[in-house]
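J.: Here it is: the structure, laid out below.
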Amino acid sequence: MHQTAFRPRERLLLGPARALVLGILTRGSTAPERVADAVWRVRGNPGRLNLFLLEEKGGGVTLFDAGGRVHLPHVRAAAAALGPLQRVVLSHAHTDHRGTASLLDAPVLCHPDELADVQGTGGLRYWGQGLPKLPLGPRMLHRHVLQPLYDGGPVHVSATLVDGDEVAGFRVMHLPGHAPGLIALIRESDGLALTSDAFYTVDTWWRDCPPYLPGAAWSWDVEQSADCCDASLNSTSQLPGPATASQFAETSPRHSPAPRRSACSRP
């Protein structure tokens, strides 16, 4: 099995201050909250990540995106409250999305184009090349804090999902760009889209901002991201991945709908 280049840095979090550090960094993570019919969200910090639990008609839930390894207590608690956990569906292989998947007792599914990265380095083969180009602050934050907290290592994949497949009443939509096998989940019955990293609504320091495409430092192909993002925004409401201030057109009166073209504008 492969390991990411950052795994040894976990030693930075060992020692007597570990619990205190983790408590500070994960402050603001939440218990599951119902954000739409049969859809529950867990917010994970650091990073303001969204993890979704989807109720299955036959009972239990599907976890859409597994967050970072540091979110494991919140994921397990949510699955215990809403479950049992039937399966984990990964929108893509990046380490802030696969983090808990290897630590949960449930089959893991992803798009075929993500298979090698989910079971390998978490996409480090392409997005890792962009890290040296980031400003010093974000670069150090990611290398020394976020990556050790996020990555749970390679994940065994039980099956794959392709465009048009069904997951808990949602249709799989393939949106290559940010990652080669990035998928969103679309529910035609109420126009709800779980768009993962098709676009962001927080900046590098997790502050609210207008929707934008993930930059080249984090992405496989930025041009494809822009082309595919339009497709995901045809739904009435979008619940992005790393955006707790995400634009809920129908599910939350506290936020206004996302401007559809600005979300797809090229950087």
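J.: Looking at the range 56-134, which trypsin sites (Lys or Arg not before Pro) are in a loop (DSSP not H, G, I, E or B) and have at most 10 other Cβ atoms within 10 Å?
T.: LYS57
J.: Still on this model: Quick one: what are the phi-derived ³J(HN,Hα) couplings along the range 85-98, Karplus 6.51/-1.76/1.60 with θ = phi - 60°, whole Hz, x for glycine and proline?
T.: Calculated HN-Hα couplings, in order: 6, 8, 6, 10, 10, 9, 5, 6, 8, 4, 5, 8, 10, 9 Hz.
J.: SER196's amide H: which non-local residues (gap 5+, or another chain) put their own amide H closer than 5 Å, with H modeled 1.01 Å from N in plane and none for Pro or chain starts?
T.: Here GLY241 satisfy the definition.
J.: Report the calculated FRET efficiency for HIS144 and ASP221 (r = Cβ-Cβ distance, R0 = 30 Å), to the nearest 0.05.
T.: 0.60
J.: Also: Hey, rough spin-label estimate for CYS209 and SER158, points 7 angstrom out along Cα→Cβ, what's it come to in nanometres?
T.: 3.8
J.: Now, a different point. Using a Förster distance of 30 Å, how high is the FRET efficiency between LYS57 and ALA116, based on the Cβ-Cβ distance and rounded to 0.05?
T.: For R0 = 30 Å, the calculated efficiency reads 0.40.
J.: Another question about this same structure. I'd like the Karplus ³J(HN,Hα) series for the range 46-60: coefficients 6.51, -1.76, 1.60, θ = phi - 60°, whole numbers in Hz, and an x wherever there's a Gly or Pro.
T.: Rounded to whole hertz, the list is x, x, 6, 8, 10, 10, 10, 10, 10, 5, 8, 4, x, x, x.
J.: Among PHE64, PHE170, rank each residue by its count of other Cβ atoms within 10 Å, from fewest to most, as a rough exposure measure.
T.: Starting with the residue having the fewest Cβ neighbours, the order is PHE170, PHE64.
J.: Okay, moving on. Whole-Hz ³J(HN,Hα) for each residue in the range 159-170, computed from phi via Karplus 6.51 cos²θ - 1.76 cosθ + 1.60 with θ = phi - 60°, x for glycine and proline: what do you get?
T.: Along the range 159-170, the couplings run 7, 10, 10, 10, 3, x, 5, 10, 9, 6, x, 9 Hz.
J.: Under a 5 Å amide H to amide H cut-off, with H placed in plane at 1.01 Å, what residues pair with GLN119 once short-range neighbours are removed?
T.: Answer set, sorted by chain and number: VAL155.
Readers should treat all values here as calculations from the given coordinates under stated rules, not as data from a laboratory. Just so we're clear, the structure is a prediction, and the values are computed from it rather than from any experiment. All Cβ positions, glycine included, derive from the backbone under ideal geometry; neighbour counts span all protein chains shown.
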